[in-house]
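One structure is given below, encoded as structure tokens.
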Amino acid sequence: MTVTVSEPAVNAETARSIGLTGEELERLKKILGRDPNWTELGITSALWSEHCSYKSSKIYLREFPTEGPHVLQGPGENAGVVDVGHGFVAVFKMESHNHPSFIEPYQGSMTGVGGILRDIFTMGARPIACMDALRFGEIDAPRMRFLIDGVVRGIGGYGNCMGIPTVGGETGFHRCYNGNILVNAFALGVARRDRIFHARASGAGNPVLYVGSRTGRDGIHGATMASESFDKESEQKRPTVQVGDPFTEKILLEACLEAMRTGAIVAIQDMGAAGLTSSTFEMAGRGGTGLRLDLDRVPLRQPGLTPYEMMLSESQERMVLVARKGREEEVEKVFRRWGLEVVDIGEITDTGRALLTWHGETAADIPIQPLTEEAPVYHRPVAEPADLAERWKAPEVPQPSDPRQALEELLATPELAGKRWIWQQYDHTVRTNTVQGPGGDAAVVLLKGTPSGLAMTCDVNPVYCYFDPRRGGAQAVAEAVRNLACVGAEPVGLTDCLNFGNPERPEISWQFREAVRGISEACRALSVPVISGNVSFYNETEGASIYPTPAIAMVGVIPSLASLPDPWFRHEGDRIVLLGDDRSEFGGAAYLRLLYDLEQGRPPAVVLDAELRLARLLRSLVAQGLLHTAHDLSEGGFLIALAEACFGRRPMGARVEVSMAGADLFSESQGRALVAVPPAALEQVLEAATTMGVPAREIGETGGADLVLKSGGEVLSAPVARLHEIWSTALPKALGL
Amino acid sequence: MKCGVVVFPGSNCDHDVYHVWKHVLHQEAAFLWHQDDSLQGCELIVLPGGFAYGDYLRAGALAALSPVMGAVKRHAEAGGLVLGICNGFQVLLETGLLPGAMRRNENLRFQCLDVHLKTERTDLPFTGRLAQGQVLRLPIAHAEGNYEDSPERLDALEAGGQVVFRYCEPDGRVTPESNPNGAARNIAGIANAAGNVLGLMPHPERASEAVLGNTDGLALFESLVEAGARHLESVGARQ
């Protein structure tokens, strides 16, 4: 039977309409030795999209240190794998879903979570924790309340139904995201060390099985859309946003983990960006095999999809796997028991080519590795911004007329306010692993069956990154290490989500290069390998780019949970000790930005060896059980951190005296932390700090109903109940709830 | 006592309950598949939290029609113990093993937080280890926990002593502020008239290990273990 499908002619213009440049079309012609047909062009457009090929970022990403004593799998797989002891591995990754979430926030963030979870269980690991790094615009910007509500509902809608706790994350607000919000989803899974699966096809004759939801027309060219900037027409791209079904994914998760235990699965990969195309091509590309697909067998949601549409659909909750020939029935039985469709759609071959047939005809016939391994690599022009010296000019720092009022105003900004309104909509206690949930420095979950815990945190300060991307990149890593150290965790690896503007603009490429450099330097100095990650370019609307936002999610291991400190004051009468050096540093500081609308100056220095000493000290103090409280100083500086430490489940005051005064209370010097210790342990803590080379001074004690601070001959005194009320209600109030 | 944890497609607290019963309390436990109609000789049946059948149609509506629920119904009618937690409570309402219905939370949002519960019945196999009026702190995590029924039926429920747990302040006062979802009369958990079927929205299994910072939920499971032991004794005495 011959079916006529009306498809556009292949030429430079139609190629450009689906994201391929003229040069790239020529490159494809050379690889094929002929003109491609429309299906082949679509497949190539997806595989060579920025999202799938990393063509503009590859040359920089090579700088990342990716090896370490714990690393079992670095970048290049569905997710990275690190050894966490006791025979277990942690599998984790973070990925962006920015563009879809801006167009359709609920489905966009849902499928962001769904996609990252599939990346984890594809590796044979059971997902046990999620985090989300969110960046919104000003709350009063157009559509922003709708976007915030939709994103939060979507993240909850997916994770809650899957039964995977969302234990942490971070949320920031800045006008640079008014036209391009960021939704970065992180997931972590745990597996036995010897039970990891790879997406590497092998064995000519092995059947290729399709599992899960049927293929529809949703999400076609999602990967390409994610590689373009926004304009006024972007809302019309709603059909390129996928639709999520967490119920199907929950079943897919259970069925996949069960099917993997049969031993009859050779390779498995989820269908994420560029769906059937990237899953099958990447699996065959990594294994150096060929494959034959019978597209007539692909389960369809509606009749009439063309090969082009089938190969590029991003319908969710689908997996491709390669089974051992003769044992496919064992695998199929498991999926059927869970009520899932499983179809044999082709086989692995040794030709190195992808042969796609449809209605008895060849729909595509292309070599695999030249497309997956030899994608274009671009050395985009790089240029430092012309006004960098101007940007780095030290800001004039106004003194607060009343520090208490400044504190209250800062606590009332969405940026620094409590984020409970968000995380209370996420199930963070399911799976009975959550030791420290959202709201602290780092989240802590049990590594069940062992005395250990896993800690995780998400960090980046986009304002720092805008003013000095190199310093900003290093700062994000250093802050993550500090957050982990506050719960006594030693970092084992990080994953990143590098959100930037259009890399074809030289300043953006400069930002990217510098940020990667800063991250790499900090990773080397602090011994943290990069084990997976994701690049999201083209985050701009109408030519206005977001601030560079290289979100870092770091994971660490806590050897024993017996003496975990809280991020807030736990006991009355504890002595409070401030660790690290206080300097007067206001480049990109929240104090200037949020109170005076002033963004100016080079961000605070990141002294990596001081960060290392501080992290070692904190880990050692936690391990010895000397700390009741540990909380790092970050955005908003000392006084914000002190106030936050008062906001535990049982709010508690403190009486403190420090030598810094005025605006310096809000300086954002790095490498600092607050700890509270029982009086009997004070000497030991101060001695340990001296021995390990960390400046430390006792500044007061916990207790009472008021926060009382003596500084510069003045006394600031405020009822903690009032501060807590301001801080905890600010976000829902700003949202108009 | 052997506990059977029902696994519907979409259950997601099944492992948690199994874990507490088997690894914390060292009791016998089994998973029961939704398409089976055998309870494998389990004396206690737990319907766990989650999104059975994706909560399609209504939370618990499709699960109520599954083969395993036929067996659970017969088990309950014969006096066997059934505990429904969160989504499991919703399934019990849809099955008719407990009266009333759930509406979406008053604020129309999924809510995950610790709440306080006042214990109003201590003579049930589920609550034997609790004291009258004892306040428990337990986590909730649901979008549909807003319990509702007609005023007459609610009166009957109260008169029959079927309200087992009510949302309250840490000091035990039952106030509108302590009600996290709008549930009628702060109802968090109810039993059937015979007292062998209990449904509650909070998750005791998530507060049953010291390492998680809260063991308030363990008393419910310990009560059941004790009830099981008593039951065995009485059977022994009769023989």
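Identify all residues within region A:22-56 that are surrounded by 14 or more Cβ atoms within 10 Å (Cβ to Cβ) and assigned to a loop (DSSP other than H, G, I, E, B); write none if there are none. Give the steps one after another, and end with the answer.
First, the residues of region A:22-56 that are surrounded by 14 or more Cβ atoms within 10 Å (Cβ to Cβ): A:24-25, A:27-28, A:31-32, A:36-56.
Result: A:P36, A:N37, A:W48, A:S49, A:Y54, A:K55, A:S56.
Would a scan of region B:76-86 turn up a residue that is more than 15 Å from the chain's Cα centre (by Cα), within 11 Å of another protein chain (Cβ to nearest Cβ) and either farther than 22 Å from B:P204 by Cβ or modelled with pLDDT under 95 (or both)? Checking region B:76-86: not a single residue is more than 15 Å from the chain's Cα centre (by Cα), within 11 Å of another protein chain (Cβ to nearest Cβ) and either farther than 22 Å from B:P204 by Cβ or modelled with pLDDT under 95 (or both). In the condition set (1) away from every other protein chain (no Cβ under 14 Å); (2) modelled with pLDDT under 95, A:V382 is compliant with all but (2). For B:E144, the conditions (1) buried (at least 22 other Cβ atoms within 10 Å of the Cβ); (2) in a loop (DSSP other than H, G, I, E, B) are fulfilled apart from (1).
Please tell me if B:G79 is closer than 27 Å to B:E222 by Cα and either among the aliphatic types (A, V, I, L, M) or touching a residue at least 60 places away in the same chain (Cβ under 8 Å) (or both). Explain how you work it out, then say what you get.
Details: closer than 27 Å to B:E222 by Cα: yes; either among the aliphatic types (A, V, I, L, M) or touching a residue at least 60 places away in the same chain (Cβ under 8 Å) (or both): yes.
Considered against the rule, which asks whether it is closer than 27 Å to B:E222 by Cα and either among the aliphatic types (A, V, I, L, M) or touching a residue at least 60 places away in the same chain (Cβ under 8 Å) (or both), B:G79 comes out as yes.
Within region A:57-69, the set of residues being assigned to a loop (DSSP other than H, G, I, E, B) and in contact with a helix residue (DSSP H, G or I) (Cβ under 8 Å, 6 or more places away or on another chain) comprises A:S57, A:E63, A:F64, A:P65.
B:L124 is checked against (1) free of Cβ contacts under 8 Å to residues at least 40 places away in the same chain; (2) assigned to a loop (DSSP other than H, G, I, E, B) and fails just one. What number does that condition carry? B:L124 satisfies every listed condition except (1).
Among the residues making up region B:196-222, those that are more than 14 Å from chain A (Cβ to nearest Cβ), buried (at least 19 other Cβ atoms within 10 Å of the Cβ) and assigned to a helix (DSSP H, G or I) are B:A219, B:L220. All conditions in (1) in contact with a strand residue (DSSP E or B) (Cβ under 7 Å, 6 or more places away or on another chain); (2) among the acidic types (D, E); (3) free of Cβ contacts under 8 Å to residues at least 12 places away in the same chain hold for A:E479, with the sole exception of (3).
Among helices (runs of 4 or more DSSP H) lying entirely in region A:272-367, which contain 3 or more residues that are within 14 Å of chain B (Cβ to nearest Cβ)?
Details: elements: A:275-287, A:307-312, A:328-337.
Passing ranges, in order: A:328-337.
Can you give me the ranges of the helices (runs of 4 or more DSSP H) entirely in region A:625-735 with at least 1 residues that are among the hydroxyl-bearing types (S, T, Y)?
On the way: elements: A:637-645, A:682-691, A:720-734.
In region A:625-735, the matching helices (runs of 4 or more DSSP H) lie at A:682-691, A:720-734.
Among the residues of region B:11-27, what is the count of those that are within 9 Å of chain A (Cβ to nearest Cβ), without any contact (Cβ under 8 Å) to a residue 60 or more places away in the chain and not in a helix (DSSP H, G or I)? The total comes to 1. In region B:161-182 there is at least one residue matching the filter, namely being over 24 Å from B:G60 (Cβ atoms), crowded, with 18+ Cβ neighbours inside 10 Å and touching a residue at least 12 places away in the same chain (Cβ under 8 Å).
Is it the case that A:G168 is of a type outside the set (A, V, I, L, M, F, W, C) and either outside the structural domain of A:V320 (by TED's automatic domain parsing) or part of a strand (DSSP E or B) (or both)?
Numbers: of a type outside the set (A, V, I, L, M, F, W, C): yes; either outside the structural domain of A:V320 (by TED's automatic domain parsing) or part of a strand (DSSP E or B) (or both): yes.
When the stated conditions are applied, A:G168 passes them.
So in region A:441-452, with the set limited to residues that are assigned to a loop (DSSP other than H, G, I, E, B) and crowded, with 24+ Cβ neighbours inside 10 Å, which one is modelled with the lowest pLDDT?
A:D441
The set of residues in region A:453-479 that are closer than 30 Å to B:H203 by Cα and either more than 11 Å from chain B (Cβ to nearest Cβ) or at pLDDT below 95 (or both) comprises A:L454, A:A455, A:M456, A:T457, A:C458. List, please: which pairs have Cβ atoms under 9 Å, are six or more places apart or on different chains, and start with a residue in region A:417-434 that is facing chain B (nearest Cβ under 7 Å) and assigned to a loop (DSSP other than H, G, I, E, B) and end with one that is surrounded by fewer than 22 Cβ atoms within 10 Å (Cβ to Cβ) and among the polar types (S, T, N, Q)? Cβ pairs passing all conditions: A:Q424/B:Q111; A:Q425/B:Q111. Residues that are among the acidic types (D, E), part of a loop (DSSP other than H, G, I, E, B) and either in contact with a strand residue (DSSP E or B) (Cβ under 9 Å, 6 or more places away or on another chain) or modelled with pLDDT under 90 (or both) within region A:234-263 are absent altogether. Taking residues in region B:34-59 that are away from chain A (no Cβ under 14 Å), and partners anywhere that are in a loop (DSSP other than H, G, I, E, B) and modelled with pLDDT of 95 or more, the pairs with Cβ atoms closer than 6 Å and at least 6 places apart or on different chains are B:C42/B:K2; B:E43/B:K2. Just one of the listed residues (A:V10, A:V89, A:V82, A:V71) is over 22 Å from A:I268 (Cβ atoms) and β-branched (V, I, T), namely A:V10. When the residues of region A:130-161 are filtered to those that are more than 19 Å from the chain's Cα centre (by Cα) and part of a helix (DSSP H, G or I), the one that is farthest from the other protein chains (Cβ to nearest Cβ) is A:M144.
What's the total number of residues in region A:173-212 that are crowded, with 21+ Cβ neighbours inside 10 Å and either part of a strand (DSSP E or B) or among the polar types (S, T, N, Q) (or both)? Residues flagged as crowded, with 21+ Cβ neighbours inside 10 Å and either part of a strand (DSSP E or B) or among the polar types (S, T, N, Q) (or both) within region A:173-212 amount to 19.
The values are calculated or read from the model by the stated rules, or taken from the named source; none is laboratory data. Remember, predicted model here, so these are calculated numbers, not experimental data. Positions of Cβ are generated from backbone atoms using ideal geometry, with glycine treated the same way; all protein chains shown enter the neighbour counts.
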